[in-house]
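The values are calculated or read from the model by the stated rules, or taken from the named source; none is laboratory data. Keep in mind the model is a prediction, meaning the values are calculated, not measured. Cβ placement follows ideal geometry from the backbone for every residue including glycine, while neighbour counts extend to all protein chains displayed. Just the protein is used for accessible areas: all its heavy atoms, side chains included, with ligands, DNA and RNA removed. Shrake-Rupley method; radii C 1.70, N 1.55, O 1.52, S 1.80 Å.
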Amino acid sequence: MKIRVRIPPSPTGEPHIGTAYVALFNYAFAKKESGVFILRIEDTDRSRLVADSEKKIIESLKWLGLVWDEGPYRQSERLPLYKKAAEELIESKNAYYCNCTPERLSKLREELQKKKEMPRYDKKCFYSPPKKGPFVVRLRVPEKGDTSFEDIIRGKIVFKNKDIDDAVILKSDGWPTYHLASVVDDADMRISHVIRAEEWLSSTPKHVLIYEGLGKKLPLFAHLPLLRNPDRSKISKRKNPISLLWYKNQGFLPQAMLNYLALMGWSHPEGKEIFDLNDFIEHFDLKRIDPTGPVFDIVKLEWMNGEYIRKMSNDELAKRLTDFTHVKSKNIANVLPLIKERIKKLSEFDELTGYFFKDVIEIEKEIIVQKGKSVNETKKVLVEISEVLNEIDWNKTTIETSIKEYQANIGWSNTDLFQTIRATTTGKRSAPPLFDTLEMLGKKKTASRIKKAVSLLS
Ligand code: GLU
């Protein structure tokens, strides 16, 4: 069997992290099995369409390197296919026309809700076919029996037909709904494996009935677990950024994103946490996916991104950073060695290095004066340090020697003295190693910042 899989995003908003996740697993499966990975834009829900969404989805998938072999197909360009399929289903009595009014349908829904039953169409128009339009077309679900399918990850799934709704498959304006369009396309595009998110599991029995009604062979199904927020609720905007472009703009690296997403419900057989896409593809197996919802933890992703940043050459990293800062390339390259160990996202560059480049920085008394030291004492130390530093040739070693010598004389601890100087010269509680920082900052800037702190303490 030729392996053909698809990613079918709906262009209804920002490109979603879940789309990247499902795309990655489909992509890996296709590559592993020498199959075909297809991009299909599911744009039939015209009321939810968002301009630019398709463009952003495409941009995000390309950014991640999840590039398709076929497509993008667009459902809006394939309407005659769905209409023909709806007619076939009506012909074979697997679908029927319905002209129930929105008022009747909402009354029906209310009644069922009162009885605590699932909202479902009552098949009125199946039993007494309507004469006058406008008509929608509904799927005809048998009253009795079961509909079942095999899920590669979850095993056999059985739904009672009485629990499946006679869903609308073609609207009165001729546009199909998701169920019909999805099945017609999956059949037409000879999709061998439908690998999608768990949230579509309850739609699958309807799809199975449509496949059968059209006399088409079923694909194999695999429903991936839903990504969850750290509190285990379904991943949502409120608790996690969900837009792929947000991750791109924050300076997450595509390789780190893919690596982290690969760990959602899947684990490397050798227990590795850090592995590249080729490694993932080589070991990928749908059967190894754990259906329990994996937690998408941005703190862990940031850690992993930092690991990937450190694996990059300084040249490559400096090049990528030019998209995240106005600092000149030469200066980026100079400070890079100082922050490479600590940076987690490329967008942190300015925050981590701003004090090197600014003429004047904000400083706060509270972080300059250490616990147990008085303001006067601190001021005196700063005045003396500036005299010491004024005397030396400016390099890391002389800075270190002179500061340490001075420290031994005054009997302050390393931590207290270094923190005082660090806060004075960078405005921060934490910064790269102090002597490297001062060397990079230069004699003049160091002196003027100490002077500013002294006057702040006066
Ligand atoms: N258009 C659906 C989505 O936005 C596709 C679901 C499926 O894979 O069948 O996710």
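Overview of results
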{"read-out": "Mean accessible surface per residue for the chain, computed with a 1.4 Å probe while every protein chain stays in place, in Å²", "value": "49 Å²"}
{"read-out": "Protection proxy ranking, peptides 6-16, 168-178, average beta carbon neighbours within 10 Å, highest first", "value": "6-16, 168-178"}
{"read-out": "Mean separation of Cα contacts under 8 Å, 6 or more apart, over the residue count of the chain: relative contact order %", "value": "13 percent"}
{"read-out": "Inter-part distance where the stretch 1-41 and the stretch 81-102 are each reduced to a Cα centre, Å", "value": "29 Å"}
{"read-out": "Stokes-Einstein D for the stretch 290-399, Kirkwood Rh over Cα pairs, 10 °C, 1.306 mPa s (µm²/s)", "value": "91 µm²/s"}
{"read-out": "Inter-probe distance in nm under a simple model that places probes 7 Å from Cα toward Cβ, at Lys156 and Thr101", "value": "4.7 nm"}
{"read-out": "Cα long-axis angle, helix 414-426 against the chain (0 to 90 degrees, to the nearest 10)", "value": "70 degrees"}
{"read-out": "Principal-axis tilt of helix 17-32 within the chain, Cα atoms, nearest 10 degrees", "value": "80 degrees"}
{"read-out": "Relative compactness, the stretch 24-112, computed as alpha-carbon Rg over 2.2 N^0.38 Å", "value": "1.57"}
{"read-out": "Extension gain, Lys358 back to Glu282 (0.36 nm per residue minus Cα-Cα distance, nm)", "value": "22.6 nm"}
{"read-out": "Chain lengthening between Lys365 and Val388 when straightened (0.36 nm per residue, less Cα-Cα)", "value": "6.1 nm"}
{"read-out": "Any cysteine of the chain lacking a neighbouring Cys Cβ under 4.7 Å - listed by number", "value": "Cys100"}
{"read-out": "Förster radius 30 Å - calculated FRET efficiency between Ser413 and Lys300 (Cβ-Cβ, nearest 0.05)", "value": "0.30"}
{"read-out": "Area accessible to solvent at Asp393, 1.4 Å probe radius, in Å²", "value": "120 Å²"}
{"read-out": "Part-to-part distance (alpha-carbon centres) for the stretch 43-65 and the stretch 246-323, which is given in Å", "value": "23 Å"}
{"read-out": "Heavy-atom accessible area ranking, 1.4 Å probe, most first, across Arg238, Arg228", "value": "Arg238, Arg228"}
{"read-out": "Largest-first ellipsoid semi-axes for the stretch 342-458, taking √(5λ) over the Cα gyration tensor eigenvalues, angstrom", "value": "22, 17, 14"}
{"read-out": "In Å, descending, principal axis extents of the Cα set of the chain", "value": "99, 49, 35"}
{"read-out": "Zone of Lys216's modelled label, taken as backbone nitrogen in the stretch 64-82 under 17 Å from a point 7 Å along Cα→Cβ", "value": "71, 73-82"}
{"read-out": "Rounded tilt (10° steps) of 79-91 against the dominant C-alpha axis of the chain", "value": "40 degrees"}
{"read-out": "Percent accessible area from carbon and sulfur atoms, the stretch 288-412, protein chains only, probe 1.4 Å", "value": "47 percent"}
{"read-out": "Solvent-accessible surface (1.4 angstrom probe) belonging to Asp122, in square angstrom, nearest 10", "value": "60 Å²"}
{"read-out": "Computed over the stretch 310-367: relative contact order in percent, which uses C-alpha pairs under 8 Å that are six or more apart", "value": "32 percent"}
{"read-out": "Accessible-area value, Trp303, 1.4 Å probe, nucleic acids and ligands omitted, Å²", "value": "100 Å²"}
{"read-out": "Per-pair calculated FRET efficiency, R0 = 25 Å: Met312 and Glu270 via Cβ, rounded to 0.05", "value": "0.60"}
{"read-out": "Unit charges at the beta carbon, dipole of the stretch 404-451: most positive-side option, Gln407, Ser430, Ile450", "value": "Ile450"}
{"read-out": "The stretch 301-458: relative contact order as a whole-number percent, Cα under 8 Å and 6+ apart", "value": "26 percent"}
{"read-out": "Arg342-Ser402 pseudo-label distance in nm [points 7 Å out on the Cα-to-Cβ vector]", "value": "2.3 nm"}
{"read-out": "Projected label distance in nm at Lys444 and Ser374, using a 7 Å step from Cα toward the beta-carbon", "value": "3.7 nm"}
{"read-out": "FRET efficiency, Lys132 to Glu70 (Cβ-Cβ, R0 35 Å, nearest 0.05)", "value": "0.25"}
{"read-out": "Extension gain (nm, one decimal) between Val50 and Glu87, 0.36 nm per residue minus Cα-Cα", "value": "10.3 nm"}
{"read-out": "Sequence of His193, His283 when ordered by accessible area, the most exposed leading, probe 1.4 angstrom", "value": "His283, His193"}
{"read-out": "Size descriptor, Kirkwood hydrodynamic radius, that averages inverse alpha-carbon separations across the stretch 115-194, Å", "value": "14.9 Å"}
